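Here is the structure we will look at.
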């Protein structure tokens, strides 16, 4: 199955979720993220990056996360055709891209949204390539964030597509390299 067909099918399943379901899944994913950060406490002393969720997108509940585990989070900024990251001065504002004022940083690890993920680390994005281009020049740890309904065994990839180091769903954390669920 090609990227466009799979992307359409997975997006259809995401948009079929109610706002209450998305909120519940997002809180459950946040609890799994907290578990990951407590297992790897070195991440809490590094700069991480979140994302500003699109409609019908599972995302960390940042206030709950920051209350449970103090971390420094940056958010995506648009730089022409590229993406960078910045820490907001105050609460993060913006729909997809962080609004000013902010200061740019290079995060050590990132929460990465996607339309679909494979447990082998493959990721299917929305097709614009921002994350793939960013990761081409970054050694940052990549943590895919998904609902278990977004997992698929056959994620089609091309040579430029980035792979995740971890995948977090509402049910578990998955270490791609070790092929271990925790």
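Of the listed requirements (1) part of a helix (DSSP H, G or I); (2) more than 25 Å from residue 181 (Cα to Cα), residue 93 misses just one: (1).
Looking for something in contact with a strand residue (DSSP E or B) (Cβ under 9 Å, 6 or more places away or on another chain) and at positive phi - is there at least one such residue anywhere in region 70-84? The answer is no; no qualifying residue exists. Under the condition of being touching a residue at least 60 places away in the same chain (Cβ under 8 Å), assigned to a loop (DSSP other than H, G, I, E, B) and surrounded by 15 or more Cβ atoms within 10 Å (Cβ to Cβ), the residues counted in region 153-169 number 3.
In the set (1) surrounded by 13 or more Cβ atoms within 10 Å (Cβ to Cβ); (2) modelled with pLDDT under 95, residue 54 fails one condition alone, (1). Does residue 99 satisfy being crowded, with 18+ Cβ neighbours inside 10 Å and either modelled with pLDDT of 95 or more or more than 27 Å from residue 17 (Cα to Cα) (or both)? Answer is no for this residue. In region 35-50, which residue that is surrounded by 16 or more Cβ atoms within 10 Å (Cβ to Cβ) and in contact with a helix residue (DSSP H, G or I) (Cβ under 9 Å, 6 or more places away or on another chain) is nearest to residue 168 (Cα to Cα)? Of everything passing the filter in region 35-50, 36 is nearest to residue 168 (Cα to Cα). Scanning region 121-152 for residues that are in a loop (DSSP other than H, G, I, E, B), over 12 Å from the mean Cα position of the chain (by Cα) and farther than 14 Å from residue 174 by Cβ yields a total of 8. Out of all the residues in region 103-125, is one or more modelled with pLDDT under 95 and surrounded by fewer than 16 Cβ atoms within 10 Å (Cβ to Cβ)? Scanning region 103-125 turns up no residue that is modelled with pLDDT under 95 and surrounded by fewer than 16 Cβ atoms within 10 Å (Cβ to Cβ). Taking the conditions exactly as written (assigned to a loop (DSSP other than H, G, I, E, B), at pLDDT 95 or above and over 13 Å from the mean Cα position of the chain (by Cα)), does residue 65 satisfy them or not? So residue 65 does not fit the description; no.
The values are calculated or read from the model by the stated rules, or taken from the named source; none is laboratory data. Owing to the predicted nature of the structure, the values given are computational and were not obtained by experimental measurement. So basically every Cβ, Gly included, is an ideal-geometry build from the backbone, and we count neighbours across all protein chains shown.
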